[in-house]
Amino acid sequence: MNRRITLHAGRLLALLLAVALLPASALASTLTADASETTVEMSDTLYGLFFEDINYGADGGLYAELLQNRSFEYEDILNPRSVDHYNGWGFNLNFGATGTAIVSTENPLNENNPTYMRVTCTKGDYRFANLGYQSTTFSGGIPVEKGKTYRCFVWMRNAGDFEGTVEIALTKRTGKSIAVPKSFTLTDEWQKYELTFTPSYTEDAVLSFYMHGTGSVDFDMASLMPADAFGADWPNGGLRADLVQALMDLNPSFLRFPGGCIVEGSYYRSNFYDWKDTVGPIEERDENFNTWGYMMSYGLGYYEYFMLAEALGAEPLPVVHSGLLCQARDVFEAPLTIEETHAYAQDILDLIEFANGDVTTEWGALRAEMGHPEPFDLKYIGIGNENWDIVYWTRFEILYDYVKEAHPEITIVSSAGPVAEGSLPASAWATIRAKFADTIVDEHYYMSGDWFLSHTNRYDSYPRTTKVFVGEFAAHEATQANGRRPNNLYSAVCEAAYMTGLERNSDVVVMASYAPLMAREGMQQWTPDLIWYNAREVMLTPNYYVQQMFAETVGDQVVASEYDGINQLVYHVVTRTDDVLYVKLVNASAYEDAMTLNLAGVPDGDAVVRQLTGEKNAVNSFSNKDAVVPTTDSMAFAGGTAEITLPAYSVTILTFQLQ
Ligand code: AHR
């Protein structure tokens with residue numbers, strides 16, 4: 001077992017002398033384990049993902065839509081001037097043409113999509129365009145690639161007096177077409193018009209609308225998506241393929257969704273995340289303002305979430321609010337009353353029905369209509385994100401009772417609040433142990449790397465009955481001059497060290513997920529994040545590689561192991577399946593560790609060595625994506641022993657064949 005040794009003054013002196021007198025490579029140690037000496041069963045859902053629409057994680061990120069504010073619904077509930085219905089669009093772009101674009105609400109597309117743009121052309125060929133994400137009228141644009149196909153649609157209506165045609169074109173900013181455009185004659189009813197583009201250039205383009213004629217036209221709900229998006233055959237479009245690949249490569253066993261703070265929302269009850277707003281045809285999804293400061297189109301809604309989880313082979317783990325607006329933020333409206341909480345329980349039961357219900361049920365029928373008659377086999381549901389105190393537990397109990405009664409087969413996830421230590425999680429745990437011991441307890445903590453190193457034994461003393469979900473964790477290093485906390489190697493090494501403790505205790509810690517998962521470069525609200533991307537590229541972090549290395553080497557059982565050496569910053573865990581033995585070694589110190597491995601019960605052969613190492617503060621960037629990436633090597637193992645040198649600041653995972 002990983003016995004941390006308390007340094008006495010004499011040993012400290014010996015360590016200092018050893019470090020001072022010998023070259024860095026000379027710290028020697030031994031790791032001993034016997035493959036047949038197992039301790040605890042490991043969770044088969046240990047490593048998964050937590051996806052939240054933060055940092056433009058869904059819109060502008062995983063959701064493949066290339067247009068921003070595609071249905072003119074953008075607005076900021078608190079600060080209406082900062083985000084408005086015109087965001088993402090440029091108007092009156094054709095020199096010599098005149099006209100107006102007015103936000104309108106009269107006789108809208110439907111009640112969930114109340115705002116549209118009435119564009120009036122008075123002279124010339126009035127042009128307006130969607131500019132995509134991170135664009136201005138003069139720079140940026142929608143990233144399109146030569147030869148690829150893009151599907152486009154828009155809802156339009158002749159406002160009564162328009163004489164002419166509307167041309168839809170993928171163009172340069174100048175208005176020059178880069179793909180064959182198409183013109184439409186409109187009726188005076190809302191109608192969806194569709195076309196495809198195959199651009200002749202790779203370009204930061206804009207989606208241009210030309211009015212050839214005078215009069216007014218109403219525009220709403222436009223869309224432009226790559227035809228090869230992941231899930232392009234889903235009824236409402238798909239997901240960005242390169243980002244889905246990055247998720248798949250993490251081999252997740254579960255997918256928590258949709259938050260995070262956005263589940264609770266801020267300020268007003270209308271800001272609660274209502275799952276029913278996120279299903280059905282996209283033009284009928286009721287967009288909402290996001291706690292992180294932008295609008296959510298809900299194009300990546302609950303159906304797309306379940307489809308993604310299924311594609312990843314991950315257990316879905318939806319989180320619903322508990323009747324409370326985000327307790328960590330300003331709140332202008334009271335929580336749901338007790339009576340309202342009773343009524344709200346039905347929404348949660350309906351979500352379970354949407355996931356698992358028979359196609360003859362109301363919500364099961366919607367799932368079938370959307371393309372998935374088979375149930376999604378939902379097994380978990382989280383009630384509340386980061387909640388605490390009596391105000392939470394009274395509502396939690398009501399919701400818990402409804403779910404338990406209707407669905408005893410569903411495991412409920414409860415919240416231990418937003419911090420690692422102190423009276424708040426202590427009181428949550430007291431309530432949980434007394435009343436909700438059959439829940440999985442969602443703990444969240446963002447702490448320094450050094451905190452993670454000194455708490456690898458956090459779960460050694462937890463009672464083994466109630467299980468833990470480390471639903472959000474990440475090592476937060478000091479904020480840098482650029483205003484960001486870095487995704488550097490050291491933070492990743494500290495997380496790896498901590499995860500050896502999670503594995504050793506995975507009879508209690510049954511799930512863990514890094515947070516946040518995604519960030520669009522330049523549009524982030526939170527750092528660090530696991531996966532970064534811009535309009536065209538994905539950049540993986542050292543932290544990503546740690547999650548990946550651990551997730552691809554989960555054993556069935558923990559094997560007892562012992563480290564004998566003076567380096568207090570070497571962490572280890574040994575696990576096994578029937579076929580393989582995994583040895584995870586993390587060196588969080590500035591010194592190499594020359595280790596002798598004594599492994600009983602492991603036959604002679606070559607072990608696979610996966611290793612992540614580098615300079616302590618090394619980071620990956622868009623200009624150097626491979627500064628810190630894992631290497632794969634092999635190592636000869638014979639007679640029950642082998643030598644390996646662990647570099648300073650390194651994560652090493654050895655895989656030995658047992659048969
Ligand atoms: O992961 C970012 C945020 O951190 C989550 O939304 C919230 O649950 C936590 O405070």
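Which one is surrounded by the most Cβ atoms within 10 Å (Cβ to Cβ), of the residues in segment 578-593 that are hydrophobic (A, V, I, L, M, F, W, C) and not in a strand (DSSP E or B)?
The residue in question is Ala588.
Within segment 601-611, can one find any residue that is over 19 Å from Gln657 (Cβ atoms), surrounded by 22 or more Cβ atoms within 10 Å (Cβ to Cβ) and touching a Leu at 6+ places or on another chain (Cβ under 8 Å)?
No, because not a single residue in segment 601-611 is over 19 Å from Gln657 (Cβ atoms), surrounded by 22 or more Cβ atoms within 10 Å (Cβ to Cβ) and touching a Leu at 6+ places or on another chain (Cβ under 8 Å).
So in segment 168-210, with the set limited to residues that are closer than 24 Å to Glu283 by Cα and β-branched (Val, Ile, Thr), which one is surrounded by the fewest Cβ atoms within 10 Å (Cβ to Cβ)?
Looking at the filtered set, the residue picked out is Thr187.
Among the listed residues Glu521, Glu503, identify the single one that is crowded, with 24+ Cβ neighbours inside 10 Å and either within 17 Å of the chain's Cα centre (by Cα) or not hydrophobic (A, V, I, L, M, F, W, C) (or both). Walk me through how you get there before you give the answer.
Numbers: Glu521 fails: crowded, with 24+ Cβ neighbours inside 10 Å.
From the options Glu521, Glu503, the qualifying one is Glu503.
Here is a check on your reading of the model: is Asn92 within 20 Å of Trp190 (Cα to Cα), at pLDDT 95 or above and part of a loop (DSSP other than H, G, I, E, B)?
Numbers: within 20 Å of Trp190 (Cα to Cα): no; at pLDDT 95 or above: yes; part of a loop (DSSP other than H, G, I, E, B): yes.
Answer is no for this residue.
What pairs come out if I take residues in segment 54-66 that are within 15 Å of Ala222 (Cα to Cα) and at pLDDT 95 or above and pair them with residues that are within 14 Å of the ligand (Cβ to nearest atom) and part of a loop (DSSP other than H, G, I, E, B) whose C-beta lies under 7 Å away, six or more apart or interchain?
Pairs found: Asp59/Asp53.
Restricting attention to segment 421-438, does a residue exist that is of a type in the set (A, V, I, L, M) and touching a helix residue (DSSP H, G or I) at 6+ places or on another chain (Cβ under 7 Å)? First the steps, then the outcome.
Restricting attention to segment 421-438, the residues satisfying the condition of being of a type in the set (A, V, I, L, M) are 424, 426, 428, 430, 432, 434, 437.
Subsequent filtering for residues that are touching a helix residue (DSSP H, G or I) at 6+ places or on another chain (Cβ under 7 Å) retains none.
Checking segment 421-438: not a single residue is of a type in the set (A, V, I, L, M) and touching a helix residue (DSSP H, G or I) at 6+ places or on another chain (Cβ under 7 Å).
Name every residue in segment 439-449 that is within 20 Å of Tyr498 (Cβ to Cβ) and either touching a helix residue (DSSP H, G or I) at 6+ places or on another chain (Cβ under 7 Å) or buried (at least 21 other Cβ atoms within 10 Å of the Cβ) (or both), in order of residue number.
Within segment 439-449, the first condition is being within 20 Å of Tyr498 (Cβ to Cβ), and the residues that meet it are 440-449.
Selection gives Ile440, Val441, Asp442, Glu443, His444, Tyr445, Gly449.
Kindly indicate whether any position in segment 549-556 is buried (at least 23 other Cβ atoms within 10 Å of the Cβ), away from the ligand (no atom under 16 Å from the Cβ) and assigned to a helix (DSSP H, G or I).
Yes: one or more hits.
Which residues, taken from segment 273-293, are outside any strand (DSSP E or B), buried (at least 22 other Cβ atoms within 10 Å of the Cβ) and within 16 Å of the ligand (Cβ to nearest atom)?
Residues satisfying the conditions are Tyr273, Asn290, Thr291, Trp292.
Can you tell me which of (1) in contact with a helix residue (DSSP H, G or I) (Cβ under 8 Å, 6 or more places away or on another chain); (2) buried (at least 18 other Cβ atoms within 10 Å of the Cβ); (3) of a type outside the set (A, V, I, L, M) is the one Asn112 doesn't meet?
For Asn112, the failing item is (2).
With respect to Glu310, determine if the residue is surrounded by fewer than 23 Cβ atoms within 10 Å (Cβ to Cβ) and in contact with a Phe, Trp or Tyr (Cβ under 8 Å, 6 or more places away or on another chain). Walk me through it before giving the result.
On the way: surrounded by fewer than 23 Cβ atoms within 10 Å (Cβ to Cβ): yes; in contact with a Phe, Trp or Tyr (Cβ under 8 Å, 6 or more places away or on another chain): yes.
Answer is yes for this residue.
Hey, can you tell me all the residues within segment 102-129 that are part of a strand (DSSP E or B) and hydroxyl-bearing (Ser, Thr, Tyr)? I'd like the intermediate steps shown before the answer.
Taking segment 102-129 and keeping what is part of a strand (DSSP E or B), we get 102-104, 110, 113, 116-123, 125-129.
Scanning segment 102-129 gives Ser104, Tyr116, Thr120, Thr122, Tyr126.
Which residue, of Ser36, Ser43, is more than 16 Å from the ligand (Cβ to nearest atom), at negative phi and surrounded by 19 or more Cβ atoms within 10 Å (Cβ to Cβ)? So that I can check it myself, show each step before the final result.
On the way: Ser36 fails: surrounded by 19 or more Cβ atoms within 10 Å (Cβ to Cβ).
Answer to the selection: Ser43.
Identify, from the list Thr575, Thr645, Thr596, Thr632, the residue that is surrounded by 15 or more Cβ atoms within 10 Å (Cβ to Cβ) and over 17 Å from Val558 (Cα atoms).
Details: Thr575 fails: over 17 Å from Val558 (Cα atoms); Thr645 fails: surrounded by 15 or more Cβ atoms within 10 Å (Cβ to Cβ); Thr632 fails: surrounded by 15 or more Cβ atoms within 10 Å (Cβ to Cβ).
Criteria check complete, one pass: Thr596.
Only residues in segment 222-235 that are at positive phi count as the first member; pair them with residues that are part of a loop (DSSP other than H, G, I, E, B) and buried (at least 16 other Cβ atoms within 10 Å of the Cβ), Cβ under 6 angstrom, at least 6 apart or cross-chain, and list the lot.
Once the first residue is at positive phi and sits in segment 222-235, its partners that are part of a loop (DSSP other than H, G, I, E, B) and buried (at least 16 other Cβ atoms within 10 Å of the Cβ) give Gly231/Gly238.
Going through segment 478-523 one residue at a time, which ones are within 16 Å of the ligand (Cβ to nearest atom), outside any helix (DSSP H, G or I) and not basic (Lys, Arg)? It would help to see each step written out before you state the result.
From segment 478-523, those within 16 Å of the ligand (Cβ to nearest atom) are 479, 484-485, 487, 491, 495, 511-520, 523; that's our starting set.
Those left that are additionally outside any helix (DSSP H, G or I): 479, 484-485, 487, 511-520, 523.
Across segment 478-523, the qualifying residues are Thr479, Asn487, Met511, Ala512, Ser513, Tyr514, Ala515, Pro516, Leu517, Met518, Ala519, Met523.
Inside segment 234-270, can you point out the residues that are within 16 Å of the ligand (Cβ to nearest atom), surrounded by fewer than 24 Cβ atoms within 10 Å (Cβ to Cβ) and among the small types (Gly, Ala, Ser)?
Ser266
Residue by residue through segment 46-56, note down the ones that are closer than 30 Å to Val508 by Cβ and more than 10 Å from the ligand (Cβ to nearest atom). Can you show your working first?
First pass over segment 46-56, keeping only residues closer than 30 Å to Val508 by Cβ: 46-52, 54.
Correct list: Leu46, Tyr47, Gly48, Leu49, Phe51.
The values are calculated or read from the model by the stated rules, or taken from the named source; none is laboratory data. Since the model is a prediction, treat every value here as computed from it, not as a measurement. Reconstructed Cβ throughout: ideal geometry from the backbone, glycine too, with neighbour counts over all protein chains shown.
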